[in-house]
Structure formats: structure tokens, C-alpha cells
1. Could you give every pair whose Cβ atoms fall below 6 Å, whose first residue belongs to region 2-22 and is at pLDDT 95 or above, and whose second residue is small (Gly, Ala, Ser), counting only separations of at least 6 or pairs across chains?
2. Kindly indicate whether ILE63 is assigned to a helix (DSSP H, G or I), among the hydrophobic types (A, V, I, L, M, F, W, C) and within 30 Å of SER133 (Cα to Cα).
3. Looking for something outside any loop (DSSP other than H, G, I, E, B), farther than 30 Å from LEU131 by Cα and at pLDDT 95 or above - is there at least one such residue anywhere in region 30-38?
4. Between a residue in region 107-128 that is at pLDDT 80 or above and surrounded by 11 or more Cβ atoms within 10 Å (Cβ to Cβ) and any residue that is part of a loop (DSSP other than H, G, I, E, B) and hydrophobic (A, V, I, L, M, F, W, C), which pairs come within a Cβ distance under 9 Å, given they are 6 or more apart or on different chains?
5. List the number of the failed condition for GLU14; all other conditions in (1) under 23 Å from GLY75 (Cα atoms); (2) part of a helix (DSSP H, G or I) hold.
6. Please work out which one of (1) at pLDDT 80 or above; (2) surrounded by 10 or more Cβ atoms within 10 Å (Cβ to Cβ) is the condition THR136 fails and give its number.
7. I'd like the residue in region 55-72 that is farther than 13 Å from PRO8 by Cα and free of Cβ contacts under 8 Å to residues at least 40 places away in the same chain and, out of all such residues, is surrounded by the fewest Cβ atoms within 10 Å (Cβ to Cβ).
8. Counting only residues that are of a type in the set (Ser, Thr, Tyr) and surrounded by fewer than 16 Cβ atoms within 10 Å (Cβ to Cβ), how many does region 1-54 have?
Amino acid sequence: MADCHMPPAAYLRERFDYDQANGALRWRERIGNRVAGKLAGAPDKDGYLRVTLDGHRYQAHRIAWVIMRGQLPTGLIDHRNGNRGDNSWGNLREASHQQNQWNKPPRRKELPVGIYYRANRPKPFVAQIVLGSFATIAEATAARAEAAHRLQGSFFWESSGPP
């Protein structure tokens, strides 16, 4: 990741003012051609705001996180509303990779999240929930069995045989 060498929180607080309400990150003092009070950063091709500081590029939401929390999260930073440019504090939350995937918009705009279309089928719309990744087959089997039992009730059938 581009910002693996994130500067310490104290240094970032010296360089930026962060507005928690609207997510704006502003330069605190004039640095080269950067004017104090001016918004820091510009959107990249994926919609994230990127800021160049001391020759390194950082994602603005990660700078905001370090300013507020003092360090980077152990996981990812998710934008609750899906807007990668909205870095307001209430819109940022720590998430695992799996949780971050759950919050992705659908691949096809006309279909809801988790719904897929397979042509030439009598029932072409498929609803899918992915439970995640597991370290062992036993963990994966247990997670699938628990979810299937919850969803299928008395119709639940394990691969090892009926209940």
C-alpha cells in the first residue's frame, strides 16, 4: 500500500486541520506552493482523495484516521456510505477485508447486492451470501452448517447425511 510509511500522528496534526463533520483536510501552514487553509488532496481514479506530503502520496481517509486515533487501524478503513470521497469521521470505520467487501456496491447497477442473473434458466435470479474465508475445512464446514441450519431450519441437510 502506498501509505505503509504513514508519518506519526503528531506530525500529521502539525501539517493538517481535519474537520470531523465534513471530512475536509486542510493545510495548516504554507508549505512550498501550498496555501494555509487550502483543501489538501485530489481524487484519484478510484474516487479516494490522495494527498502528497513530503514526496509521498497518502489516502486522505487514512490521514484522518491517524489524526483522530493516533495510529492506523489493524484492518481496513471502510466508508459506510460507499462514497470514497466522504471522509467525515462518522463515515469512517475499521473493517476486515470481508466486512469491506460486504459494503461494496453491486456489480450491475440494476440488480440489488447479492443477486446474480444466469440466463437460460427457469429461475434466472440467484441470491447469494458468502460467509467468508476460513483457515481449515472444519471451520468452513461449521460456518456453512450453522448458516444453513439458521436459513433452512428443519430442511437442513449436512453433506454427512440428514440431521
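1. ALA9/GLY70; TYR18/ALA64; ASN22/SER88
2. Against the criterion (assigned to a helix (DSSP H, G or I), among the hydrophobic types (A, V, I, L, M, F, W, C) and within 30 Å of SER133 (Cα to Cα)), ILE63 qualifies.
3. Checked region 30-38: no residue is outside any loop (DSSP other than H, G, I, E, B), farther than 30 Å from LEU131 by Cα and at pLDDT 95 or above.
4. What qualifies is TYR117/LEU111; PHE125/LEU111.
5. If we test GLU14 against (1) under 23 Å from GLY75 (Cα atoms); (2) part of a helix (DSSP H, G or I), just (1) comes out false.
6. (2)
7. Among residues in region 55-72 that are farther than 13 Å from PRO8 by Cα and free of Cβ contacts under 8 Å to residues at least 40 places away in the same chain, the one surrounded by the fewest Cβ atoms within 10 Å (Cβ to Cβ) is GLY55.
8. Residues meeting the conditions: 2.
The values are calculated or read from the model by the stated rules, or taken from the named source; none is laboratory data. Treat the numbers as computed from the prediction; the structure is a model and nothing was measured. As a convention, Cβ positions derive from the backbone with ideal geometry for all residues, glycine included, and neighbour counts pool all protein chains shown.
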